[in-house]
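Down below is the structure, laid out as structure tokens.
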Protein chains: 4
Amino acid sequence: MSQTKDTVVLAYSGGLDTSCILLWLKEKGYDIIAYLANIGQNEDFEEARKKAIKLGAKKVFIEDVRKEFVEEFIWPAVQANAIYEDRYLLGTSLARPCIAKKQVEIAKREGAKYVSHGATGKGNDQIRFELTCYSLYPEVKIIAPWRMPEFYNRFRGRTDLMDYAKKHGIPIPVTPKSPWSMDENIMHISYEAGILENPKNHAPDELFVKTKDPRTSPSTPDILEIEFKKGVPVQVTNLQDGTRHCTALELFAYLNEVAGKHGVGRIDIVENRYIGMKSRGIYETPAGTILHHAHLDIETFTMDREVRRIKQELSLRFSEQVYNGYWYSPECDFVRSCISKSQELVEGKVQVSVLKGQVYMLGRESPQSLYNEELVR
Amino acid sequence: MSQTKDTVVLAYSGGLDTSCILLWLKEKGYDIIAYLANIGQNEDFEEARKKAIKLGAKKVFIEDVRKEFVEEFIWPAVQANAIYEDRYLLGTSLARPCIAKKQVEIAKREGAKYVSHGATGKGNDQIRFELTCYSLYPEVKIIAPWRMPEFYNRFRGRTDLMDYAKKHGIPIPVTPKSPWSMDENIMHISYEAGILENPKNHAPDELFVKTKDPRTSPSTPDILEIEFKKGVPVQVTNLQDGTRHCTALELFAYLNEVAGKHGVGRIDIVENRYIGMKSRGIYETPAGTILHHAHLDIETFTMDREVRRIKQELSLRFSEQVYNGYWYSPECDFVRSCISKSQELVEGKVQVSVLKGQVYMLGRESPQSLYNEELVR
Amino acid sequence: MSQTKDTVVLAYSGGLDTSCILLWLKEKGYDIIAYLANIGQNEDFEEARKKAIKLGAKKVFIEDVRKEFVEEFIWPAVQANAIYEDRYLLGTSLARPCIAKKQVEIAKREGAKYVSHGATGKGNDQIRFELTCYSLYPEVKIIAPWRMPEFYNRFRGRTDLMDYAKKHGIPIPVTPKSPWSMDENIMHISYEAGILENPKNHAPDELFVKTKDPRTSPSTPDILEIEFKKGVPVQVTNLQDGTRHCTALELFAYLNEVAGKHGVGRIDIVENRYIGMKSRGIYETPAGTILHHAHLDIETFTMDREVRRIKQELSLRFSEQVYNGYWYSPECDFVRSCISKSQELVEGKVQVSVLKGQVYMLGRESPQSLYNEELVR
Amino acid sequence: MSQTKDTVVLAYSGGLDTSCILLWLKEKGYDIIAYLANIGQNEDFEEARKKAIKLGAKKVFIEDVRKEFVEEFIWPAVQANAIYEDRYLLGTSLARPCIAKKQVEIAKREGAKYVSHGATGKGNDQIRFELTCYSLYPEVKIIAPWRMPEFYNRFRGRTDLMDYAKKHGIPIPVTPKSPWSMDENIMHISYEAGILENPKNHAPDELFVKTKDPRTSPSTPDILEIEFKKGVPVQVTNLQDGTRHCTALELFAYLNEVAGKHGVGRIDIVENRYIGMKSRGIYETPAGTILHHAHLDIETFTMDREVRRIKQELSLRFSEQVYNGYWYSPECDFVRSCISKSQELVEGKVQVSVLKGQVYMLGRESPQSLYNEELVR
């Protein structure tokens, strides 16, 4: 290791794994900058900051990237009708480049040559994280402890981590580990691993966090009007109580609230991971599900049929690129610019009913409509 | 017109339009064979037979094509995950070639050189009907009255048809015309035209026939296990009451019953018709919706990722071909044989919950699974 | 026909067919504006002007569209590597919208409600012509005599046209009709019909006009350096004699000269026409063939691999759109803008040898190259 | 290393690199089976056998895979019109799985748990080789010395290999190393590296081995008739001297002879390698070039237009799969079976002229032709 201390920007979550990694990196002689993105997850950020400092981080950056996430990552996905393997709305895949982009910004600003993360060696997230870093900061060096024998041979399971934590005075989680792993952001929660690994096992009722159980959710719908401009939602109105939201972050949060209340956005799938294996995942994507349906509707209403066909194939590519972590690649940049071009006239209002896990299209109107009532008759 | 009477096989529905066409063709000097397919619609077939004879049909053929429809048309669509413009499960599109195929068989068997239908000149059905006829019976001549000025200038609206019916003693419908048009078969009902033409108008509650209103449907789910072999459902078991169905027609009817009871399969869309215009349609596809989700699940579970990507693009083509009436084309034949090849190992059981308009995947298992629980861990 | 004379802008070629059409339209009561595009064909334009006036045209417009043709139609095709069914470089397909666009401009400027053309009812050109007119001038009325029974029943062959011409004092071609039909512009000549219709018949040696016979063409090559910016050729240098051309029209003409001298650009194919039939065509595309190869080379040299794959699929679509006459459609506009975006970094110089019907790549260099000599080693 | 000797099947070429690898593997304690495929390269196979034995190989297998290569690898590529990045006919890519397949057969038959090869760590061939081995023999272990630090740090260049060879009595090549590397089989020769690495450098005249220089090749063409059945050539007739060849291997060799004599099949390109870098390659593919053009012709002549479009996209996938080494993958198997299905009616005769580096289509005929001369007229 180098004499003068090298600096690492660590994607720190506040949990057991990245706390141990922080300590271990210090032990290896690095100076640590802990970086925690607020991307809409349920987290006590101040508590996390204190913990990081206590563990020996030289600096701690807690960055609110929610607005950026919605406007620069979720909106292009809405425009694309992005969906992986016909079902997954890409909640985690979209978050990774957003989180990593900020981490790289910090590393560059602070003169750090290293970045590090706690992603495992079998998942998609390591890829998404690292491809972003290499694209935006080609000369960066990445430390991925869970792929280093030196690390994974020492920490062979949760018990080893707990022991290490105890030894170094890391506060140990008092609640028992949940029987599955979770990843949350403002767009979705994913659940996988543990008892969910067996694809035949049903998800337990208590799993779901962002959405109500449709069996017990309200029996009267909420009726919303969603207005789009250039393929992006610009206003959401509740037609029953008149509530109206116009900024990206506010309208997205409101859609999460309404969709969550009605149990909208749950899926249970087996998907093909980038590195070849199949994996079972359960996802909740409340606002994203409403927007997916609403955008499909306004797009088909306003877009030329043949443009739509070509755009549909580009969207397939885009969804694969995003899933596989290629957000900051030349091909994803190219496809995004094509899709964006296709959205110029995607404009209008869609009325939807949200009820018992479902989103129903009720009607739509547009100044750009190619619909010709006279002609149909 | 010819001296010796030419024979026409008319696709006869029993309704006002095709009754008038029958009479009009007779007036033009043709011998009429009335053909009515039982493809699962709600119809009094014996009544229709009597009416056709009374109108002067020389022969009447009422053919039960339901089994053929399910096995030879719906099953390939299930294998393909066929869906038009991301939303429409193609219920009418799949029925047309099935109906027309039988009509052509009758025409050939009876030595008729003409076939006729009551489809309008602005819709997709004329195309689907006629492409099938020309493919299977290239020398046939098609009489499409609604595209002939001689006919449509004479019958400018429902009133003209009613007057003509009255004059010729055709029994006139006692119920008033519904404010939209419907098309039904065992797979779905479509609703369009009339008050639905304005895409902003909401569908009235009383529109839906095949599915219960999710607001008032049962609050406890049905749990089904659907078994697939080669991408086709071969058994459906209700895990609560043990009901089991194994033949294509029975299991499809049972899925319709369960899905209908829970309000599954309603969509309200604007779609791009073949001849270029946009059109608003409302559809109920109960069994088809369950099977679409269940097949997607077992397919992703058992199919190689890269095969899936290629098959997904072929399915896009297939869906467009079917929508546009090209079932009996070289390219659709080619794509069907490729898709069929892709299904050889698509085998296993999917457990689903059906509730309040939704189909939830609960779990899946397969002897062919590419899922490796050890590897994921 | 209308009382006050309606005006027709007729795409006039100076030949027998359109001369007869001109007369026939006059006979039908129209005022005629004869329009003849100079798109690089071998033609005595002043002779054609005199003839049109003699025939009774009210006005004659002879428009030089060569520069526009090269820059606005051929260049996008070069950027796309446009090629129909793997072989045809689309010389006629690209010319039609260019010619029709100017015709529509004249019609609008002169207040003519009608346009007319001499294309047959079985070819692609009627489609390309008419789709352009409807896109750019939706309310225009098109008179296509060769699809009108009134016309084609009267003129059943060349003899009828000759008789009609004689009767009305139209100068009759003194040279006998060649045993095939030709269409020429600055990009190519196509030969079809007549003795070429039988796809087994070999093309006679004397057929070719734009290119020398490779059997007798020079046995020493010309070595050229072609420089591209944004996927478009901006300079051509003959490395042996130092000749240099920089404007679009000049460099294209020079490439035609060099390629023609060496017999480059002859193909003999059977292609699928838009309206479904197969047709045999022989084409000479001298400059276009060199540019196709040179652009492929510089593009692969400078473009990201994955962008290239996506662009390749878009180019397939583009080629079909152009062949089928959809230049002025929303989908072709969309695809062109995507392809144009892909060309931003396609820049550099390609050295080629031109000899005996062949174009050989010799080497290439680019400031934008993604080629890394160090890395390959 | 194991106590009881493990056996390695080494892909042995007879050259310096694999001779050194053979010795080095022995030094590491392995028993060596040397395997050399006769795939049509210019090689003294008996000399190579003697050398391998002298070096200490326990067994030597020299396998003639030429017939298999043509019938099972080249024919499917001809059916597909396989071409990578619009230019490269995949001569090396097709050979690798054929060679590796036989190597795996030997390993299984001889009970060897290891296979080894001399491919470098930057090229495509390591991938093609290893993916084939893992597909056909999943439990095999692969030794790739040029990716092992232990090996490449010891042998840092040709001098180190020469020294090692001298020390161990390996016969050292007397001819100086050519200033580029070559790979030959019955389908093609590739040239790359060395002075060719700079993409601006022109290829020297003396580079080419399989084809005559078009500048000095004969000035009178050979006229051939090539007959296809199911998309595969079944007979080649020289129409001038009546020579006729009917078996796969003979007709392919004859086409190589004719094409080589006339300088057909030379290309100079920059391509995108699998592992991301761009690489300059020069290729000679004489017979393959004639067959590519001839098959394109008969296919377009006999195949439905829309089937062709879909098949064209599948061929793009196929070409990428083959280039990237995925011959024995589920997706390539799937695509090959789809393409094979598309060829059922691709049947007929094509007449071609071969002259001065060019292949000209002269005419074609087919019992399956969709061409309708009456209709075109």
- Item | Which numbered condition A:V335 misses (of (1) away from chain C (no Cβ under 12 Å); (2) in contact with a Phe, Trp or Tyr (Cβ under 8 Å, 6 or more places away or on another chain); (3) modelled with pLDDT of 95 or more) | (1)
- Report, by residue number, each residue of region A:83-120 that is in contact (Cβ under 8 Å) with a residue 60 or more places away in the chain and among the charged types (D, E, K, R). A:E85, A:R87, A:R96, A:K101, A:K102, A:E110, A:K113
- Would you point out the residue of region D:67-82, among those that are surrounded by fewer than 20 Cβ atoms within 10 Å (Cβ to Cβ) and either touching a residue at least 40 places away in the same chain (Cβ under 8 Å) or within 14 Å of another protein chain (Cβ to nearest Cβ) (or both), that is farthest from C:I298 (Cα to Cα)? D:K67
- Could you look through region C:125-141, keep only residues that are at pLDDT 90 or above and among the acidic types (D, E), and pick out the one that is farthest from the chain's Cα centre (by Cα)? C:E139
- Message: For region D:31-60, give me each residue that is assigned to a strand (DSSP E or B) and either touching a helix residue (DSSP H, G or I) at 6+ places or on another chain (Cβ under 8 Å) or of a type in the set (S, T, Y) (or both).
- Response: D:I32, D:I33, D:A34, D:Y35, D:L36, D:A37, D:N38, D:K59, D:V60
- Message: Restricting to region C:164-209, name every residue that is open to solvent by 80 Å² or more (accessible area, probe 1.4 Å) and within 30 Å of C:K28 (Cα to Cα).
- Response: C:K166, C:K167, C:V174, C:T175, C:P176, C:K177, C:M182
- Only one of B:L255, B:L224, B:L249, B:L161 that is out of contact with any Gly (no Cβ under 6 Å at 6 or more places or on another chain) and surrounded by fewer than 19 Cβ atoms within 10 Å (Cβ to Cβ): B:L249
- Message: When you scan region B:23-30, do you find a residue that is open to solvent by 30 Å² or more (accessible area, probe 1.4 Å) and part of a helix (DSSP H, G or I), even just one?
- Response: yes
- Task: Among what's in region D:61-77 and is of a type in the set (D, E) and part of a helix (DSSP H, G or I), pick the residue that is farthest from D:R336 (Cα to Cα).
- Result: D:E68
- Message: Among (1) within 29 Å of B:P214 (Cα to Cα); (2) more than 9 Å from chain B (Cβ to nearest Cβ), there is one condition A:R215 misses while meeting the rest; what is its number?
- Response: (2)
- Query: Any idea how many residues of region C:97-114 are open to solvent by 10 Å² or more (accessible area, probe 1.4 Å) and either over 15 Å from the mean Cα position of the chain (by Cα) or modelled with pLDDT under 95 (or both)?
  - Reply: 7
- Item | Hits in region B:78-105 (condition: more than 21 Å from B:H292 (Cα to Cα) and among the basic types (K, R)) | B:K101, B:K102
- Message: Restricting to region C:299-341, name every residue that is among the β-branched types (V, I, T) and either open to solvent by 40 Å² or more (accessible area, probe 1.4 Å) or under 24 Å from D:I269 (Cα atoms) (or both).
- Response: C:T300, C:T302, C:V307, C:I310, C:I339
- Taking region C:121-142 and keeping only residues that are open to solvent by 50 Å² or more (accessible area, probe 1.4 Å) and polar (S, T, N, Q), one is left with C:S135
- Item | Selected residue (only one of C:L296, C:L291 is within 10 Å of another protein chain (Cβ to nearest Cβ) and either open to solvent by 10 Å² or more (accessible area, probe 1.4 Å) or under 28 Å from C:T211 (Cα atoms) (or both)) | C:L296
- Message: If I ask for residues that are in contact with a strand residue (DSSP E or B) (Cβ under 9 Å, 6 or more places away or on another chain), open to solvent by 10 Å² or more (accessible area, probe 1.4 Å) and of a type in the set (A, V, I, L, M, F, W, C), which ones from region B:344-368 would you list?
- Response: B:V359, B:M361, B:L362
- Task: Working only within region A:143-157, note down all residues that are over 9 Å from A:G121 (Cβ atoms) and open to solvent by less than 50 Å² (accessible area, probe 1.4 Å).
- Result: A:I143, A:P145, A:F151, A:F155, A:G157
- State all residues of region D:267-280 that are surrounded by 23 or more Cβ atoms within 10 Å (Cβ to Cβ) and under 21 Å from D:T216 (Cα atoms); if no residue qualifies, say none. D:D268
- Scan (1) at negative phi; (2) open to solvent by less than 50 Å² (accessible area, probe 1.4 Å) for the single condition A:G231 breaks and write down its number. (1)
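The values are calculated or read from the model by the stated rules, or taken from the named source; none is laboratory data. Values in this document were obtained by computation on a predicted structure and should not be read as measured data. Backbone-built Cβ (ideal geometry, glycine too); neighbour counts: all protein chains shown. Side chains included, ligands, DNA and RNA excluded: accessible areas come from the protein's heavy atoms. Shrake-Rupley method; radii C 1.70, N 1.55, O 1.52, S 1.80 Å.
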